[in-house]
There are 2 protein chains.
Amino acid sequence: MPDIHALLWPRHVALIGASAELESLRGRIMHTLLGHPFQGQIYPVTRSHAEVLGRQAYASVLDVPQRPDLAVLIIPAPFIPQALEDCGRAGAKAAVVLSSGFAEAVGADGSLLQADIRAIAKRYDMAVLGPNAEGFANLPAALCPTFSPALEASERALLPSGPQRGQLTVLAQSGGIGFSFFDHGRAKELAFRYIVTTGNEACLETMDIAEYALDEGKTDALIVLMEDVKSAATLRRVAEKALRAGVPIITAKIGRSEAGVRAAASHTAALAGSYQAYRAIFERYGLIEGHDIDEMIDLANAMLTWRGRLPAGKRVAICTASGGGGGWLADTCAAAGLEVPLLDPDTRARIDRHLPAYGTSQNPVDATAQAVHKIGYAGLARLVMDAPAVDGLLIVITARSPKNLAKQEAELARLAAETRKPILLWSYTLPAPQSAKLLADAGYPLFTDIRNCARAFAAMADYRARREAFLKPIEVSTTTAPDRAAARAHLAGSDSVLCQWEARPLLAAYGIGALPPGVLVQSAAAAAEAAASIGVPVALKVQSPDIAHKTEAGAVSLNLSGAAAVSTAYTALIAAAQRHAPLARIRGVLVEAMVPPGQEVILGIKRDATFGPLLLVGLGGIHVELFQDVALAPVPLSHTAARELIFRLKGARLLQSYRGGPASDIDALVDAMVRLSVLAQDFAEEIGEIDLNPIIVHPEGQGISVVDALVTKECPAAGPVATRAGA
Amino acid sequence: MPDIHALLWPRHVALIGASAELESLRGRIMHTLLGHPFQGQIYPVTRSHAEVLGRQAYASVLDVPQRPDLAVLIIPAPFIPQALEDCGRAGAKAAVVLSSGFAEAVGADGSLLQADIRAIAKRYDMAVLGPNAEGFANLPAALCPTFSPALEASERALLPSGPQRGQLTVLAQSGGIGFSFFDHGRAKELAFRYIVTTGNEACLETMDIAEYALDEGKTDALIVLMEDVKSAATLRRVAEKALRAGVPIITAKIGRSEAGVRAAASHTAALAGSYQAYRAIFERYGLIEGHDIDEMIDLANAMLTWRGRLPAGKRVAICTASGGGGGWLADTCAAAGLEVPLLDPDTRARIDRHLPAYGTSQNPVDATAQAVHKIGYAGLARLVMDAPAVDGLLIVITARSPKNLAKQEAELARLAAETRKPILLWSYTLPAPQSAKLLADAGYPLFTDIRNCARAFAAMADYRARREAFLKPIEVSTTTAPDRAAARAHLAGSDSVLCQWEARPLLAAYGIGALPPGVLVQSAAAAAEAAASIGVPVALKVQSPDIAHKTEAGAVSLNLSGAAAVSTAYTALIAAAQRHAPLARIRGVLVEAMVPPGQEVILGIKRDATFGPLLLVGLGGIHVELFQDVALAPVPLSHTAARELIFRLKGARLLQSYRGGPASDIDALVDAMVRLSVLAQDFAEEIGEIDLNPIIVHPEGQGISVVDALVTKECPAAGPVATRAGA
């Protein structure tokens, strides 16, 4: 891995393409670089001038008197390869390429230039950001090699002056959006560590920087705007590292819609994986999804402030002097999945002593303006915070004028330092900047958006729960091990599509569910004979890798008894299949025992372009089709994860005792899911998709039956999965 | 109706309880009243001082030299009745009672005092706001009788100085929240007309003020925070008036959750109707629901700006210089129900002429910073706006610095004046106040929350579509008229609960669906005879007003053929019913023809505490139970509204041709819904609930069958519905 430390913490910086003209991007970088108290040296490189803004300029990076740690390049794309080569020869360990016109541009030239960058970076082992990046900022070092207006020097310091509540690192491909987080977060007194925009990611991608930040150990929360992820393996490794370290990743995924994918493809020249797959990864590793810049800043603010004291649950008390505000926040909490429980009599009695007749301690605790005026927000919070029924507090305040808050500052700061339950503040009036600073310094995240306030509390609780579950030792599975060799041999000998009969040995090798007794036959007589030997009503199903939807093709017949019915059905099915698909390769007809009734479930493996195999589970029939009631997870799955996945389905209740019916054998389903996920993991390169549709889940203790199956092998022509384009 | 004009537009104002002390609420009102250039007279009334802030004070309102139009009262609750009486005697036509300690307080005294206020207001025909209100503001008159800090005089004028984009009126019970809309909206250069906070609403409620504002014709959009609605009839009348006038109502309902209801009850002493019922009303009359102060202000801003030019559909073009920003906005649009279609070749060719190789015209139109720098946001918008595929434009901008925008101001203003398609701006950077003013003056709503931006466009399109549908002439129904007299007589002769057999004549009188042939019998022999005469398989169902859930009671038996089976079933059913409910009154057993299969649907009438009868429709079985897939609407319904309601169900596809099955007879279902809604409307006072569960909807042209029914009469003990508490 190239030296990201040299990129982010250089002492000597060469700016290739430096200019003094404030109207140009080149000039803006120079002004921005020099406008902050960076302790290292800046060397302008340009052929046009002997000096730039009072600094001696050099015609080539090779002329710079010191070996530059970092080169910042902003010259037209066609000149970049030569200049970068020079930087390598000059001994630069890192470079930022700000120029556009590479893989994101129409035509092949840009992509070739981008390949050049990659090759040069590799040759010199340089840490290269971009091209088409907007640069980065290292706030503690006051180093801002970027033309983002958000980082221009102003009277406001780069870092807040008050006590620090942890440091935030922002990573984005998009420069405009990346730096806008700084703009929004600075207004909320957040301390940023790095803001890094990666552009086309020819070499370094956001997750590489994230890993550096995690290894460094100074970043307390990450905001990552994801346009695409070039290496799924890196994302999973970094996400796991972050979760173990307790550094939350707040993320937004661009490319959730068709138009968004279109935009991402044109913008960063990347093929995005499916959003469903991203969500499955986010859920596995506890990434927190945001949908707006301010919302993500608000989430980060809450996480940074309360990171050592995340709530143990989702039960909140609401303290308010505004009845309307309290009610509104209560509704918003409920919508965000929080509980607002009635408080216990002891707590209420303690509160009631301070309330006038028109206040109430029930929760929301509407203390009235009169009581809050007397005891202050902190005083009110202290009356409520020990209530055993709640995991945290939300206080409705008005932060319009700092005057009233200033009187309470010391008390509020003491409370923030002492409380073991997190406290969030929602101001219904717009806070004055001094109010925002005062409350941040006192140790509170302040919200103006009521939805963000409730959401942040819920996200804190979810994150803690997800992390604790993740850190638990993994349960040891006692069930039989799969016969990998048999599966491998069977797969190797199969065509590209395995019909049910051909899929059965694969499922058997991994012990995935029970396979009903069945025989493959080639004649009506053999069918009748097979049915007789099976001895219960049977289903007849034409087996062909070319007929995926048997019902639509008329290639299946159910509930047959007796030789006559079976042989008639055989003949009819073969005829129907040939009519439906005259060229289909027909392996024969599967005569299979009808299984007892149960709940229909769909189980499958989907293949994502970025993340590879994902397991899918859904209730059968209309649930999947009408309500999109399916859940996805990356493989492999633990038993716990499989069970969680089932209960993420809205229709999961159908598997429990429903309307007096028997409960279904969820344990058996979980076992099958785990085994299927291991199969998909073991043959990630060989298997494309698996479709077990349906599985019948029988009543508790009676297992599950796989009554149809289709396996598609991965077509090598589709290219390798989860490899970094060219890296 | 008392004189709301005197309340909002007084010339002479008496302040009962005036004080000069800035620390007290009384003093704050006085300062606020005098701080703005109100052209009328303010008369302080207090026994404590001879003058207040330089104005002569009077010991009683009766001493004031001019008849006060408006009295503002802020003295302890127990003194209010006498003071209000004096105001009446002094000839005041309006009063605002700011004091707390009335119906919202624990104990009976407050409620009695509140009743006093009501009686006095009635006696003197005074327009009384409150008690427990925070006052109001009439911004054009610069009249602010309120202690809200948001209205304190400051260097910022009450109204924006730029060109007006329409006036906004805000109505809320809660004072704190009500005035916070002003705080947030002023930052966005909105022109407010009135902000009125109504508190406990002893006399005037928000909807009364809304009606005044609509009749006055100067309000272009309304924001209404609803804690409860005392008169459903007023809400419906006012909502309809607003929709006809094209004045959108943006609303938030407090009391959507259990805790929210609790808060609202304690805060405003009101019993809230169910949120589901509110939503049904909102949908009927096109009220736009918001969930955050800023979001509602953003919605109002968009509506005010583009009110004459609302979008004809939901297809948008996105213009951007930031690829990441464009992609994010595209995703957000898709999530908000908007389309971001590819643009046509002509439009793309026109755009492409201006783009560098790394831009794209597909949509999002990523013009790159380079092109936008050259042609400006307006220039870009003009290239895109005529694309036939889109109904409006969203432009991604950076409004951080006003410098760049200032150069474009004239072009932007010209564009805003000329465009027939609405244009919304989303700035990913925080706008400087000058930027916000500049863009508002140029005629644009500016968004910083990306979700609000997309939502606002969708809301504009929805509002226009809802309004146009509402204004269409109502279709004439050609089906047979209901036999109201028969229904009335039957209802009058019935007990409080009508079992299926008893409900059938009611349904028949209104022609609601087909009733399968059936006979009520009292013996096994009669059952067998009835079955024979019906001639097809029958169902036997015990008829008892005391057994609502027949299946659970074992009181129903299906698909019986032959005398033996029928008479055996009769005996078994009676025994089971008596075992289940020994005291149940049993009317007999209904022998009813089994109906052919079809789609199960639930149809019903629910009764809301505030809004009275609402029609409910849902797909039968698990759809209702697991997915809460039901839709509600106020009665009566037009055919169009009934059809819309069906297609709001996620499972509506099951009624269309699904998986190759036949399409269901939706026309017949619609007809039954309309008729049921008329029945519910006709007997709104007599009927409590109706439950037709299930209805079988047969294939197209074959109608529907009502196979079970239960009607509950309204219990008079439950009190009158939808009347104004004490008004």
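The values are calculated or read from the model by the stated rules, or taken from the named source; none is laboratory data. Every value quoted in this text rests on a predicted model; they were computed, and no experiment measured them. Note that each Cβ is placed from the backbone with ideal geometry, even for glycine, and that neighbours are counted across all protein chains shown. All accessible areas refer to the heavy atoms of the entire protein, side chains included, with ligands and DNA or RNA removed. Shrake-Rupley method; radii C 1.70, N 1.55, O 1.52, S 1.80 Å.
At a glance:
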| read-out | value |
| --- | --- |
| Built amide H within the under 5 Å cut-off of A:Val128, gap 5+ | A:Ala95, A:Leu204 |
| Antiparallel %, DSSP beta bridges [both residues in the protein assembly as shown], to 5 | 50 |
| List B:Phe282, B:Phe38, ordered by accessible area with a 1.4 Å probe, largest first | B:Phe38, B:Phe282 |
| 7 Å along Cα→Cβ, label-point gaps from B:Ala389 to other copies, nm, shortest first | 5.6 |
| Spin-label pair A:Arg11/B:Ser48, simplified geometry with 7 Å Cα→Cβ offset, distance in nm | 7.0 |
| Karplus-derived 3J(HN,Hα), 6.51/-1.76/1.60, for each residue of the stretch B:42-48, Hz, glycine and proline x | 10, 10, x, 10, 6, 8, 7 |
| Relative contact order for chain B, counting Cα pairs under 8 Å that sit 6 or more residues apart, in percent | 9 |
| Nearest-ten-degree value, helix B:258-268 long axis tilted from longest Cα axis of chain B | 50 |
| Accessible area that becomes buried as B packs against A, both chains, 1.4 Å probe, Å², nearest 100 | 6500 |
| Net charge, A:Glu644 excluded, C-beta distance under 12 Å - Lys, Arg +1, Asp, Glu -1 | +3 |
| Alpha-carbon centroid distance for the pair the stretch B:89-134 / the stretch B:631-687, whole angstrom | 45 |
| The stretch B:342-355 - phi-based ³J(HN,Hα) in whole Hz, Karplus 6.51/-1.76/1.60, Gly and Pro as x | 4, 7, 6, x, 4, 4, 5, 4, 4, 6, 4, 4, 9, 9 |
| Candidate residues A:Asp441, B:Asp215, B:Asp352: accessible-area rank, largest first, probe 1.4 Å | B:Asp215, B:Asp352, A:Asp441 |
| Nearest residue to the symmetry axis between B and A, taken on chain B by its Cβ, in whole Å | B:Phe627, 3 |
| Nearest 10 degrees, 0 to 90: helix B:666-682 Cα axis against chain B principal axis | 70 |
| Shielded residues, the stretch A:90-106 - accessible-area loss of 20 Å² or more between chain alone and all protein chains, probe 1.4 Å | A:Ser100, A:Glu104, A:Ala105, A:Val106 |
| For A:Gln164, inter-copy label distances in nm, listed shortest first [label point 7 Å out on the Cα-Cβ vector] | 5.3 |
| Area of A:Tyr444 that stays accessible when all protein chains are in place (1.4 Å probe, Å², to 10) | 0 |
| Relative contact order (percent, whole number), the stretch B:46-193, Cα cutoff 8 Å, 6+ residue spacing | 16 |
| Two-site label geometry, B:Ala153 and B:His549: point separation in nm, points 7 Å out along Cα→Cβ | 6.7 |
| Cβ-based charge dipole, chain B, positive-most Cα from B:Leu394, B:Ala127, B:Ala202 | B:Leu394 |
| A:Ile254 long-range amide H proximity, modeled H, under 5 Å | A:Met226, A:Glu227 |
| Solvent accessible area, Å² - A:Glu700, 1.4 Å probe, full protein context | 130 |
| Kirkwood Rh and Cα Rg combined as Rg over Rh, evaluated for the protein assembly as shown | 1.00 |
| Listed residue pairs exceeding 20 Å between alpha carbons, taken from B:Lys230/B:Lys472; A:Lys437/B:Lys403; A:Lys188/B:Lys253; A:Lys650/B:Lys650 | B:Lys230/B:Lys472; A:Lys437/B:Lys403; A:Lys188/B:Lys253 |
| At 7 Å out from Cα toward Cβ: A:Asp546 inter-copy label distances (nm, ascending) | 7.0 |
| Estimated inter-spin distance, A:Gln578 and B:Gln164, nm [label 7 Å along Cα→Cβ] | 8.4 |
| Solvent-accessible surface (1.4 angstrom probe) belonging to A:Glu240, in square angstrom, nearest 10 | 60 |
| Cα gyration tensor, chain A - rounded (a/c under 1.5), prolate or oblate | oblate |
| Å² per residue, accessible surface of the stretch A:25-80 at 1.4 Å | 48 |
| Size of charge dipole - the protein assembly as shown - debye, nearest 20, with Cβ of Lys, Arg +1 and Asp, Glu -1, no other charges | 1400 |
| Carbon + sulfur, % of accessible area of chain A - ligands and nucleic acids excluded, 1.4 Å | 54 |
| The stretch B:140-296 - charge dipole about Cα centre, Lys and Arg +1 at Cβ, Asp and Glu -1, debye rounded to 20 | 320 |
| On Cα atoms only, tilt of B:80-89 relative to the major axis of chain B in degrees | 70 |
| Shape category assigned to the stretch B:609-683 from the gyration tensor of Cα positions, a/c cut at 1.5 | oblate |
| Accessible surface ranking that places the most exposed of B:Glu339, A:Glu411, A:Glu552, A:Glu85 first, with a 1.4 angstrom probe | A:Glu552, B:Glu339, A:Glu411, A:Glu85 |
| Alpha-carbon spread of the stretch B:399-551, three principal axes, descending order, Å | 94, 36, 32 |
| Prolate/oblate/rounded label for the stretch B:165-205 (Cα gyration tensor, a/c 1.5) | oblate |
| Relative contact order (%) - criterion: Cα under 8 Å, at least six apart; region: the stretch A:349-427 | 28 |
| Loop trypsin sites (Lys or Arg not before Pro), the stretch A:15-60 (other Cβ atoms within 10 Å of the site Cβ: 11 or fewer; DSSP) | A:Arg47 |
| Positive-end residue of A:Ile351, A:Gln66, A:Ile450, charge dipole of chain A with Cβ unit charges | A:Ile351 |
| ³J(HN,Hα), Karplus 6.51/-1.76/1.60, whole Hz, each residue of the stretch A:111-119, x for Gly, Pro | 5, 5, 4, 5, 5, 4, 4, 4, 5 |
